[in-house]
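*Asks:* Have a look at this one.
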Amino acid sequence: MAIAYDTSADTGWAARVSSWAYDYTVGSLSDRVLIIYFFTSPATDVINSVTYGGVAMTKLASIT
């Protein structure tokens, strides 16, 4: 099966918050992947966890 692109979303900008939520619905096809990315500034800002549907997501990479 070929890789298919579904959609993307830009959640905008949030200034120094301790908790932030965004509602997003993924497609219903099997074998799907949800990729989340963040930009932080300054580099000392930390993202401690990300969940989807109450389930913790796995961190794949971090670039500084």
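*Asks:* Computed from these coordinates, which is Rg/Rh (Cα atoms, Kirkwood Rh): (1) 1.00; (2) 1.07; (3) 0.97?
*Replies:* Label of the calculated value: (3).
*Asks:* Here's a follow-up. Considering only Asn48, Tyr5, Gly27, whose Cα is most displaced toward the positive end of the charge dipole of the chain, charges sitting on Cβ of Lys, Arg (+1) and Asp, Glu (-1)?
*Replies:* Sorting the options by dipole projection puts first Asn48.
*Asks:* Under a 1.4 Å probe, what is the accessible area of the chain per residue, stated in Å²?
*Replies:* Roughly 103 Å² per residue, with all protein chains present.
*Asks:* Expressed as a whole percentage, what fraction of the accessible surface of the chain belongs to carbon and sulfur atoms when a 1.4 Å probe is rolled over the protein heavy atoms?
*Replies:* Result for the chain: 55 percent of the exposed heavy-atom area is carbon or sulfur.
*Asks:* Let me ask something else about it. Assigning unit charges at the beta carbon (Lys, Arg +1; Asp, Glu -1) and nothing else, what dipole magnitude in debye, to the nearest 20, does the chain show about its Cα centre?
*Replies:* With Lys and Arg at +1 and Asp and Glu at -1, about 160 debye.
*Asks:* Count charges around Ile3 for me, please; just the other residues with Cβ under 14 Å from its Cβ, Lys/Arg as +1, Asp/Glu as -1.
*Replies:* Residues near Ile3 contribute -1 overall.
*Asks:* Summing Lys, Arg as +1 and Asp, Glu as -1, what charge do residues with Cβ under 12 Å from the Cβ of Ile35 carry, Ile35 excluded? Don't jump to the answer; show the numbers that get you there.
*Replies:* On the way: positive: Arg32, Lys59; negative: Asp6.
Here the count lands on +1.
The values are calculated or read from the model by the stated rules, or taken from the named source; none is laboratory data. This structure is a prediction, so every number in the text was calculated from the model and none was measured. Counting neighbours? That spans all protein chains shown, and the Cβs are built from the backbone with ideal geometry, glycine included. Surface accessibility is based on the protein's heavy atoms, side chains included, excluding ligands, DNA and RNA. Shrake-Rupley method; radii C 1.70, N 1.55, O 1.52, S 1.80 Å.
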